[in-house]
Amino acid sequence: MKAKVTIGRDKVISKVDNRIYSSFIEHLGRAVYGGIYEPEHETADDMGFRQDVMELVKELKVPMVRYPGGNFVSGYNWEDGTGDKSKRPRKLELAWNSIETNEVGIDEFQEWSKRASSDIMMAVNLGTRGADDARNLVEYCNSKTDTYYADMRRKNGFEEPFGIKLWCLGNEMDGDWQIGTKRAHEYARLACETGKLMKMVDPSIELVACGSSSPLMDSFGKWEETVLREAYDHVDYLSLHSYYGNPDDNSQEYMGSAVVMDRFIKDVIAICDKVKAEKKSEKSIMLSFDEWNVWFHSHEQDKKQEPWQVAPPLLEDMYNLEDAIVVGDLMITLLKNSDRVKVACLAQLVNVIAPIMTVTGGGVWKQTIFYPFKYTSLNGRGTALKAEIDCERFTEGKAVDIPVVDAVAVVSDDETEISVFAVNRKLDEAAEIGLNLEGFDGYELTEHISMEGEDLKAGNSIDEPEKVVPVNKSVDGSIVLAGGSWNYLKFKKLA
Ligand code: AHR
């Protein structure tokens with residue numbers, strides 16, 4: 001099969017906000033305890049952070065990490081994770097039926113983030129708590145004043161504020177699984193008033209209001225409208241969450257996932273702009289896709305977990321090659337929408353639906369999805385350019401009229417490099433690409449890396465950590481995207 005891809009210098013989507021390469025650490029399963037933090041581990045640093053994990057986090061160049069949840073945040077008292085560790089309470093954690101020891105809290109996590117060269121996207125509890133606790137937390141984290149919560153931070157050993165710029169007003173507040181679920185009008189009022197107070201404490205912060213917890217919610221659309229009508233002037237972003245999967249084991253249908261994500265993003269933009277028009281506002285609400293990934297492999301196994309354990313192995317999806325192709329394709333979609341998607345968090349980062357896995361007390365290894373994330377995060381910085389594509393389409397199950405090839409380009413700020421990210425969604429047929437870089441003279445293909453292989457179900461593990469790794473392809477002759485593959489093509493300007 002042949003496909004034509006034209007990338008034009010004048011087809012600018014947007015300057016890419018690097019925060020679309022963010023991720024997420026929740027107090028859930030082994031993300032924190034046995035993941036980023038394990039004081040007894042042989043690689044632990046002075047604060048108990050695993051350095052073998054830290055190295056892999058740095059390899060992904062994650063600019064920001066959302067914390068501390070997720071569903072966890074809706075029952076969390078942030079004060080429990082501050083001050084003298086020996087006095088911190090051990091508590092029942094109702095979101096994940098676990099025990100939270102509170103050995104790690106914002107005091108430690110802000111230090112981990114610094115060491116990981118990453119910022120924090122902090123979520124406040126709007127499930128069991130409200131505006132008062134949220135504004136106190138902003139004071140604790142960000143204020144220089146000689147006042148109660150800023151002084152409490154100083155007493156705990158942190159003279160300098162943490163300087164957290166981006167804040168989530170709760171998490172998935174429409175879901176009936178959420179601690180303290182709200183109806184749209186309840187959440188809208190609460191988010192508005194909480195956001196107002198938080199910005200009074202620190203006017204430099206930015207706020208994310210919760211959108212629906214998935215496009216499949218019955219309330220999707222109405223929820224977004226209600227929240228924005230109430231809180232438009234006080235918030236900067238609206239959140240999107242969506243997880244993809246192949247529960248029916250139809251791999252060809254699964255390859256259509258990115259088109260589903262694209263529709264979701266377009267629908268949310270339409271709602272934001274409808275409210276903008278109604279309000280005659282100058283401001284556009286930007287999107288924060290702060291939970292996205294593949295998540296389905298661990299569903300059955302998680303139902304068997306005994307309750308009330310510390311750091312039980314929850315949501316430990318073992319990813320395979322087809323998941324990596326889908327994750328790479330989802331990242332292409334985020335870039336294609338980078339004019340409105342300014343923040344995105346791969347959910348999550350370590351052990352919990354994660355690219356990085358650990359053995360508690362043992363080693364680390366990279367899941368298949370580590371690679372498309374890494375290549376896109378490292379090379380997808382600069383200005384995103386639209387790719388015009390002439391190709392065949394396929395229909396399989398619920399995936400209807402899906403373009404076989406999709407792509408997007410990012411030109412680096414100094415224009416020395418053009419990175420093209422491309423996918424061939426047709427599993428049984430290679431695609432030969434006629435690639436035209438319009439308006440870019442003197443660029444040469446210097447690297448072609450691909451996630452491809454015979455066995456779509458192959459994955460990595462601690463025993464076989466390199467079973468599925470990127471393939472280095474020839475850069476001579478025509479560009480061929482293997483049947484069922486995600487690809488990274490680097491073009492360099494000749495000297
Ligand atoms: O990322 C796992 C969970 O998925 C989060 O806690 C929640 O927000 C979502 O339902």
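Using helices alone, what [θ] at 222 nm do you get for the chain, with -39,500 (n - 2.57) per DSSP H run of 4 or more residues, divided over all residues and rounded to the nearest 500?
On the way: 11 runs with 125 residues, N = 495.
Helix-only estimate at 222 nm: -7500 deg cm²/dmol.
List the relative contact order of the stretch 224-305 as a percent without decimals, with contacts defined as Cα pairs under 8 Å and 6+ residues apart.
51 percent
Which three lengths, in whole Å and largest first, does the stretch 188-290 cover when its Cα atoms are put on their principal axes?
Sorted largest first, the three principal extents are 50, 27, 23 Å.
Taking Lys274 as the anchor, which lysines have their alpha carbon closer than 20 Å to its alpha carbon, excluding any fewer than eight residues away along the same chain?
Lys222, Lys266, Lys283, Lys342
Taking H as built 1.01 Å from N, whose amide H comes closer than 5 Å to the amide H of Glu206, not counting residues under 5 places away?
Under 5 Å from the amide H of Glu206 lie the amide H atoms of Leu166, Trp167, each far enough along the sequence or on another chain.
Give me the percent of Cα-Cα pairs in the stretch 12-104 that sit more than 15 Å apart, rounded to a whole number.
67 percent
Just rank Cys141, Cys192, fewest to most, by other beta-carbon atoms within 10 angstrom.
Ascending Cβ contact count within 10 Å gives the list Cys192, Cys141.
Where the only charges are on Cβ atoms (+1 Lys, Arg; -1 Asp, Glu), what is the dipole of the stretch 57-184 about its Cα centre, to the nearest 20 debye?
Magnitude of the dipole: close to 140 debye.
Pull up all non-local amide H partners of Leu427: gap of 5 or more, or a different chain, and H-to-H distance under 5 Å with H placed in the peptide plane.
When sequence neighbours closer than 5 places are left aside, the close amide H contacts are Gly484.
If you project the alpha carbons of the stretch 62-211 onto their three principal axes, what span does each projection cover, largest first, in Å?
Cα extents, longest axis first: 40, 35, 32 Å.
Cut-off is 10 Å between beta-carbons; in what order do Glu55, Glu417, Glu466, Glu224 appear when sorted fewest neighbours first?
By the 10 Å Cβ count, ascending: Glu466, Glu55, Glu417, Glu224.
How big is the dipole moment of the stretch 187-285 about its Cα centre under a simple scheme where the beta carbon of each Lys and Arg is +1, that of each Asp and Glu is -1, and everything else is neutral? Debye, nearest 20, please.
460 debye
Listing Val260, Val410 from the residue with the fewest other Cβ atoms within 10 Å to the one with the most, what is the order?
Placing the least packed residue first, the sequence is Val260, Val410.
Taking the Cα centre of each part, how many Å lie between the stretch 377-413 and the stretch 452-495?
Using only Cα atoms to place each centre, the spacing works out to 17 Å.
When the convex hull of the C-alpha atoms of the stretch 396-464 is computed, what volume per residue in Å³ does it have?
Cα convex hull per residue, to the nearest whole number: 185 Å³.
Please give the net charge around Thr416, taking every other residue with its beta carbon less than 12 angstrom from that of Thr416, where Lys and Arg add +1 and Asp and Glu add -1.
Around Thr416, the charge tally is -2.
Rg to Rh for the chain: what is it, with Cα atoms only and Rh by Kirkwood? Write down the numbers at each step before the final one.
On the way: Rg = 22.4 Å, Rh = 23.2 Å.
Ratio of gyration radius to Kirkwood radius: 0.96.
Treating only the Cβ atoms of Lys and Arg (+1) and Asp and Glu (-1) as charged, compute the dipole magnitude of the chain about its Cα centre; round to the nearest 20 debye.
1260 debye
Report the normalised scattering of the stretch 292-340 as log10 I(q)/I(0) at q = 0.27 Å⁻¹, calculated by the Debye formula with identical scatterers on the alpha carbons.
Debye curve over Cα of the stretch 292-340, log10 I(q)/I(0) at q = 0.27 Å⁻¹: -0.99.
In the chain, with Lys and Arg counted as +1 and Asp and Glu as -1 at Cβ, which of these residues, Ile25, His299, Gly75, has the Cα nearest the positive end of the dipole, that is, farthest along it?
The residue sitting farthest along the positive end of the dipole is Gly75.
Relative contact order of the stretch 1-112: what whole-number percent is it, with Cα pairs under 8 angstrom and at least 6 residues apart?
Dividing the mean separation by the residue count of the stretch 1-112 yields 22 percent.
Each residue of the stretch 395-403 in order: what ³J(HN,Hα) in whole Hz does its phi give by Karplus 6.51 cos²θ - 1.76 cosθ + 1.60, θ = phi - 60°, with x for Gly and Pro?
10, 8, x, 7, 8, 10, 6, 9, x
Give the value in nm², to one decimal: projected area of the alpha carbon convex hull of the stretch 77-158, averaged over all directions. Don't skip to the answer; put the middle values down first.
Numbers: hull surface 24.1 nm².
Quarter of the Cα hull surface area: 6.0 nm².
With a/c under 1.5 counting as rounded, go ahead and sort the stretch 341-463 into rounded, prolate or oblate using the C-alpha gyration tensor (a ≥ b ≥ c being the square roots of the eigenvalues; past the cut-off, prolate if a/b is larger than b/c, else oblate).
Numbers: a/c = 2.01, a/b = 1.34, b/c = 1.50.
Taking the square roots of the gyration eigenvalues as a ≥ b ≥ c, the stretch 341-463 is oblate.
When only alpha-carbon atoms are used, what values of Rg and Dmax, in angstrom, describe the stretch 237-329?
For the stretch 237-329, the Cα-based Rg and Dmax read 17.6, 53 Å.
Please report the spacing between the Cα centers of the stretch 172-195 and the stretch 278-327 in Å, no decimals.
So the two Cα centres are separated by 20 Å.
Values quoted throughout were computed directly from the atomic coordinates according to the rules given, and no laboratory measurement underlies them. None of these values were measured; they are calculated from a predicted model. FYI the Cβ positions are ideal-geometry reconstructions off the backbone, even for glycines, and counts take in every protein chain you see.
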